[in-house]
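Asker: Mind looking over this structure? Questions follow.
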C-alpha cells in the first residue's frame with residue numbers, strides 16, 4: 001500500500017528538517033513538499049535531504065519546472081493544472097494529480113498521469129462535503145492508474161477501509177504530521 005505524506009508549513013520545519021523527515025519516513029513511502037504560501041524557496045534543500053531517507057519518490061507540489069530543477073522524482077499537480085501533465089511527462093517526471101470527481105480522474109489518466117489522489121473521502125477542514133467510501137470504490141473501478149484516498153484520513157481503520165474500497169494507498173497531511 002502506498003503511503004503518501006503531504007507536507008505543509010504546519011508539519012515541516014526547515015530548522016528541524018532532518019528530524020521532521022525522519023518522522024515522516026517512519027510511516028510514509030512517498031513524500032511531497034508543499035507550501036501554498038509561495039514564500040518558500042526550500043525545494044532543492046528539501047529534495048536533497050529527503051533523498052537521504054528511504055522514500056520511493058520525492059515530489060514537489062505545483063510546478064514541473066521547479067520539480068525538475070530541484071532534482072525531485074516528480075511533481076504533484078492540482079486539479080486545476082491537469083493540462084500540465086504532458087509538460088511534466090516530457091521532463092521525465094513522475095506525475096501525481098489531485099482529483100475530486102470521476103471525470104477529473106479519467107482525464108488525468110487519459111493525459112498520462114502516473115497516479116492520482118481522490119478527495120475528500122472523509123470529513124476534513126475546509127474541503128467541502130466528503131465523497132465517502134462508495135464513491136472511492138466507484139472511482140477506483142473506472143480507471144487503471146493507482147488512486148490514493150485523501151481527506152480526513154487519521155486512523156489505521158480509515159486506511160484499511162480505503163484499501164478495501166479499491167485505493168492503491170492513501171495520502172494525508174495530518175496522519176503523517178503528528
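Just so you know, all these numbers are worked out from the coordinates, no wet-lab data involved. Since this is a predicted model, take the numbers as computed values, not measurements. FYI the Cβ positions are ideal-geometry reconstructions off the backbone, even for glycines, and counts take in every protein chain you see.
Asker: Report the far tail of the P(r) of region 73-178, meaning the percent of Cα-Cα pairs longer than 16 Å. If you can, show how the numbers build up before the last one.
Answerer: Numbers: 2970 of 5565 pairs.
Counting pairs separated by more than 16 Å, the tail of P(r) holds 53 percent.
Asker: Follow-up. Listed highest first by mean packing, meaning other Cβ atoms within 10 Å per residue, what order do 107-115, 9-17 come in?
Answerer: Details: 107-115: 19.0, 9-17: 13.2.
Descending packing order for the listed peptides: 107-115, 9-17.
Asker: Under a plain spin-label model, where a point goes 7 Å from the Cα along Cα-to-Cβ, how far apart in nm are residue 26 and residue 41?
Answerer: 3.4
Asker: Nearest 0.05, what FRET efficiency do residue 135 and residue 16 give at R0 = 30 Å with Cβ-Cβ as r?
Answerer: Working: r = 38 Å, r/R0 = 1.26.
Using R0 = 30 Å, I get an efficiency of 0.20.
Asker: At 222 nm, what helix-only mean residue ellipticity would the chain give, in deg cm²/dmol to the nearest 500, using -39500 (n - 2.57) for each DSSP H run of four or more? Mind dumping the intermediate values first?
Answerer: On the way: 8 runs with 62 residues, N = 178.
The helix contribution divided over the chain gives -9000 deg cm²/dmol.
Asker: Hey, fewest Cβ within 10 Å first, where do 53, 170 land in order?
Answerer: Values: 53 15, 170 24.
Arranged by neighbour count, lowest to highest, 53, 170 become 53, 170.
Asker: Mark the label point 7 Å from the Cα of residue 86 along Cα→Cβ and return the residues of region 43-71 whose backbone N is within less than 17 Å of it.
Answerer: 64-65
Asker: Would you mind calculating the relative contact order of the chain from Cα pairs under 8 angstrom and at least 6 residues apart, reporting the percent as a whole number?
Answerer: Working: 375 pairs, mean separation 35.7, N = 178.
Here the relative contact order equals 20 percent.
Asker: Taking 25 Å as R0, compute the FRET efficiency from the Cβ-Cβ separation of residue 54 and residue 111 and round it to 0.05.
Answerer: Numbers: r = 30 Å, r/R0 = 1.20.
Approximately 0.25, to the nearest 0.05.
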